[in-house]
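Heads up, the thing below is written out as structure tokens.
Just so it is clear, none of the values below were taken in a lab; they were calculated from the coordinates. Given the structure is predicted, the values throughout are model-derived calculations rather than measurements. Cβ placement follows ideal geometry from the backbone for every residue including glycine, while neighbour counts extend to all protein chains displayed.
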Amino acid sequence: MLLDISFFEEIKKIENESFDFPWNEETILKCLNLPEIKCFGIVDSSQLCAFSFVLPKWKSLHVAKFAVKKNSRRKGLGMRLMNEIKSFWEMKRGKEITLEVRSKNLTAIKFYLNFGFSICGKINKYYADDGDDAVKMKYVIPHFFKNFFMAKISDL
Ligand SMILES: CC(C)(COP(=O)(O)OP(=O)(O)OC[C@H]1O[C@@H](n2cnc3c(N)ncnc32)[C@H](O)[C@@H]1OP(=O)(O)O)[C@@H](O)C(=O)NCCC(=O)NCCS
């Protein structure tokens with residue numbers, strides 16, 4: 001589901017427990033208020049269990065943040081949330097989903113590879129806080145090219 005500002009406190013809590021260098025309140029609020037940024041989440045028993053900020057850029061959807069509540073991990077919620085994001089982008093006829101992840105974050109890299117992302121590059125010393133490199137990853141929406149050309153052909 002899409003989240004609004006009413007989830008701010010729960011998002012902040014998951015953010016703080018998930019990252020060594022979490023976003024501050026101001027950044028989270030900014031993302032919740034900017035119309036071009038969407039916030040997806042999973043709510044279970046009226047509690048937020050996972051959230052993600054995504055930013056559409058032409059045919060690419062960029063995942064700026066993705067986290068699952070600590071005590072809800074390894075239960076398939078991350079996969080569920082990423083599938084929701086993928087469905088959203090398929091419906092918008094998007095081509096790919098992109099992201100950067102810290103090279104030290106092997107759990108997340110394994111998670112994204114498991115979903116179907118591939119590694120497409122590396123940016124040296126991308127993260128200013130600890131100097132870690134970024135691994136660039138990409139997921140191409142299945143059948144994007146087929147659907148794109150079928151739509152063009154049906155216009156003829
Ligand atoms: C990465 C993260 C989002 C995964 O969420 P999750 O809900 O635990 O993931 P899922 O339960 O859907 O796991 C799906 C698959 O990912 C892989 N995976 C997830 N967590 C893993 C771990 N700790 N170790 C190894 N593989 C893991 C496994 O292949 C897993 O499948 P399996 O459970 O059948 O073996 C979660 O660990 C998290 O929020 N981490 C902290 C924040 C973060 O690093 N975000 C990414 C920043 S770019």
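Please specify each residue of segment 32-59 satisfying the condition of being closer than 14 Å to Phe8 by Cα and among the charged types (D, E, K, R).
Across segment 32-59, the qualifying residue is only Lys38.
Looking only at segment 126-141, count every residue that is more than 12 Å from Ile97 (Cβ to Cβ) and assigned to a loop (DSSP other than H, G, I, E, B) and tell me the total.
So the answer is 8.
What's the number of the condition Ser154 fails, among (1) of a type in the set (Ser, Thr, Tyr); (2) surrounded by fewer than 18 Cβ atoms within 10 Å (Cβ to Cβ); (3) out of contact with any Cys (no Cβ under 8 Å at 6 or more places or on another chain); (4) touching a residue at least 12 places away in the same chain (Cβ under 8 Å)?
Evaluating Ser154 over (1) of a type in the set (Ser, Thr, Tyr); (2) surrounded by fewer than 18 Cβ atoms within 10 Å (Cβ to Cβ); (3) out of contact with any Cys (no Cβ under 8 Å at 6 or more places or on another chain); (4) touching a residue at least 12 places away in the same chain (Cβ under 8 Å) leaves (4) as the failure.
Mind checking which residues of segment 95-106 are over 12 Å from the mean Cα position of the chain (by Cα), surrounded by 12 or more Cβ atoms within 10 Å (Cβ to Cβ) and either of a type in the set (Lys, Arg) or near the ligand (Cβ under 8 Å from one of its atoms) (or both)?
Lys95, Arg102, Lys104, Asn105
Quick check on segment 83-94: of everything there that is surrounded by fewer than 16 Cβ atoms within 10 Å (Cβ to Cβ) and outside any helix (DSSP H, G or I), which residue is nearest to the ligand (Cβ to nearest atom)?
For segment 83-94, the residue satisfying everything is Lys92.
Quick one: how many residues across segment 22-53 are surrounded by 15 or more Cβ atoms within 10 Å (Cβ to Cβ) and either in contact with a helix residue (DSSP H, G or I) (Cβ under 7 Å, 6 or more places away or on another chain) or of a type in the set (Gly, Ala, Ser) (or both)?
16
Considering only segment 109-125, how many residues are free of Cβ contacts under 8 Å to residues at least 12 places away in the same chain and assigned to a loop (DSSP other than H, G, I, E, B)?
So the count comes out to 2.
Please determine, by comparing only the residues of segment 59-82 that are within 6 Å of the ligand (Cβ to nearest atom) and in a strand (DSSP E or B), which one is surrounded by the most Cβ atoms within 10 Å (Cβ to Cβ).
Going through the qualifying residues, I end up with Val68.
Going by the structure shown, is Pro56 under 18 Å from Met1 (Cα atoms), more than 10 Å from the chain's Cα centre (by Cα), surrounded by fewer than 12 Cβ atoms within 10 Å (Cβ to Cβ) and more than 10 Å from the ligand (Cβ to nearest atom)?
Against the criterion (under 18 Å from Met1 (Cα atoms), more than 10 Å from the chain's Cα centre (by Cα), surrounded by fewer than 12 Cβ atoms within 10 Å (Cβ to Cβ) and more than 10 Å from the ligand (Cβ to nearest atom)), Pro56 does not qualify.
Before we move on, is Met150 part of a strand (DSSP E or B), within 24 Å of Phe88 (Cβ to Cβ) and out of contact with any Lys or Arg (no Cβ under 6 Å at 6 or more places or on another chain)?
Answer is no for this residue.
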